[in-house]
Amino acid sequence: MIPLAEMAVQVLTCAGGREKTALSRKLAAAWQAARANGDTPAIGHAAPPMQPSRPDKPDLLSPRDVPHRKPGSEAGRIALLHAVAHIELNAVDLHWDIIARFSHVKMPIGFYDDWVKAADEESKHFNLMADCLEELGSHYGALPAHAGMWRAAEDTAEDFMGRLAVVPMVLEARGLDVTPGMIKIFKQAKAASAVAALETIYAEEVAHVAYGSKWFHFLCGRHELDPKDAFHDLVQRYFHGALKPPFNEEKRADAGIPPDFYWPLAVS
Ligand SMILES: [Fe+2]
Ligand SMILES: [Fe+2]
């Protein structure tokens, strides 16, 4: 088996959406099989690209140029699923990127187990959203999508703790806040497969945020930092804008993020 950091770069440099997620799932399965067998595979080192490879479509536009559609219409629901598919594909790359980019930092093997599992789940999430789009006669790439999704990765390319603070503990935690509202929209539209897919995503994302919190706290302990102060400092340094309430306090608590982490960073 090739070292994990090299697997990560293979996924990052694979362009197609379905191709990227298929490769990601295949490599995650190989890692998990080796771990189940009692092996400790090599992490190695490999330089990740500054930008991951992506398909020719969707066109990537500045957020203010992406047309807004009302979620009450089928076109609006397709746009919502398309936006989530785009987020999930970005999440696949983010999860492999952290493995390769910070492979020079010595971490316990459990860190890699968590990130490989989450990368596999993000790949499944993209496939679920792509399936839902196809069921509605659309597909990933049919609409424009937000450029700038990779910004958090670029901003924290040199700062491992900054990456953990911004990606799982701010961006993925935000997913916990907004997903119940999306599920409601698809329930009202009686779109059973979208409801089931979003419920799977919602359940699995709690663990992704929890992995972020767990390894952020681990690194705070290693460097003798106060976790709350370190979190506030890093989010203010690397995240552009305030955090938006309402917060899903219950799921955030499940994921190990207490209120005094996020409320002081919220817009009032
Ligand atoms: Fe996801
Ligand atoms: Fe996630």
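Numbers at a glance
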{"item": "Residue of Asp39, Asp114, Asp254 that the Gaussian network model of the chain assigns the largest fluctuation, springs spanning Cα pairs under 10 Å", "result": "Asp39"}
{"item": "Residue-span extension gain [Asp113 to Glu249] - 0.36 nm each, minus C-alpha spacing", "result": "46.3 nm"}
{"item": "Of the GluC sites (Glu not before Pro) in the range 196-268, those whose Cβ has at most 15 other Cβ within 10 Å and which sit in DSSP loop", "result": "Glu224"}
{"item": "Kirkwood-type radius of the range 124-193, with distances r between different C-alpha atoms, in Å", "result": "14.5 Å"}
{"item": "Semi-axes of the equivalent ellipsoid for the range 181-229, Cα gyration tensor, largest first, Å", "result": "37, 10, 4"}
{"item": "Interatomic Cα distance distribution for the range 57-110, bins of 5 angstrom, percent", "result": "4, 14, 18, 18, 13, 9, 8, 8, 5, 2"}
{"item": "Given charges at beta-carbon only (K, R positive; D, E negative), |dipole| of the chain in Debye", "result": "460 debye"}
{"item": "Over the range 165-268: Kirkwood hydrodynamic radius from C-alpha pairwise inverse distances, Å", "result": "14.4 Å"}
{"item": "Descending principal axes extents, the range 21-78, alpha-carbon based, whole Å", "result": "51, 28, 17"}
{"item": "Fraction in percent of alpha-carbon pairs per bin - 5 Å, the chain", "result": "1, 6, 13, 17, 19, 18, 14, 8, 3, 1, 0"}
{"item": "Centroid-to-centroid separation of the range 181-250 and the range 85-140 [C-alpha atoms, Å]", "result": "15 Å"}
{"item": "Filter on Lys70/Lys244; Lys106/Lys214; Lys70/Lys124; Lys20/Lys70; Lys106/Lys244 - keep pairs with C-alpha separation over 25 Å", "result": "Lys70/Lys124; Lys20/Lys70; Lys106/Lys244"}
{"item": "Ellipsoid equivalent to the range 23-181 - semi-axes via the Cα gyration tensor, in Å", "result": "30, 18, 14"}
{"item": "Span-like helix ranges in the chain, DSSP H, alpha carbon extent 27 angstrom or more, Kyte mean at least 0.0", "result": "74-101, 192-222"}
{"item": "Computed lengthening from Glu224 to Ser62, 0.36 nm per intervening residue step minus Cα-Cα distance", "result": "54.3 nm"}
{"item": "For the chain, calculated [θ]222 nm from helices alone, where every DSSP H run of n ≥ 4 adds -39500 (n - 2.57)", "result": "-20000 deg cm²/dmol"}
{"item": "Fluctuation leader among Ala157, Ala196, Ala33 - the chain, Gaussian network, Cα springs under 10 angstrom", "result": "Ala33"}
{"item": "The range 149-180: GluC sites (Glu not before Pro) falling in loop per DSSP and having at most 15 other Cβ within 10 Å", "result": "Glu158"}
{"item": "For the range 201-253, projected area of the alpha-carbon convex hull averaged over all directions, nm²", "result": "4.4 nm²"}
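Bear in mind that the values in this text are calculations on the coordinates, not laboratory data. It should be emphasised that the depicted structure is a prediction, and the values quoted were computed from it without experimental measurement. Because the Cβ atoms are built from the backbone with ideal geometry, glycine has one as well, and the counts that use them run over all protein chains shown.
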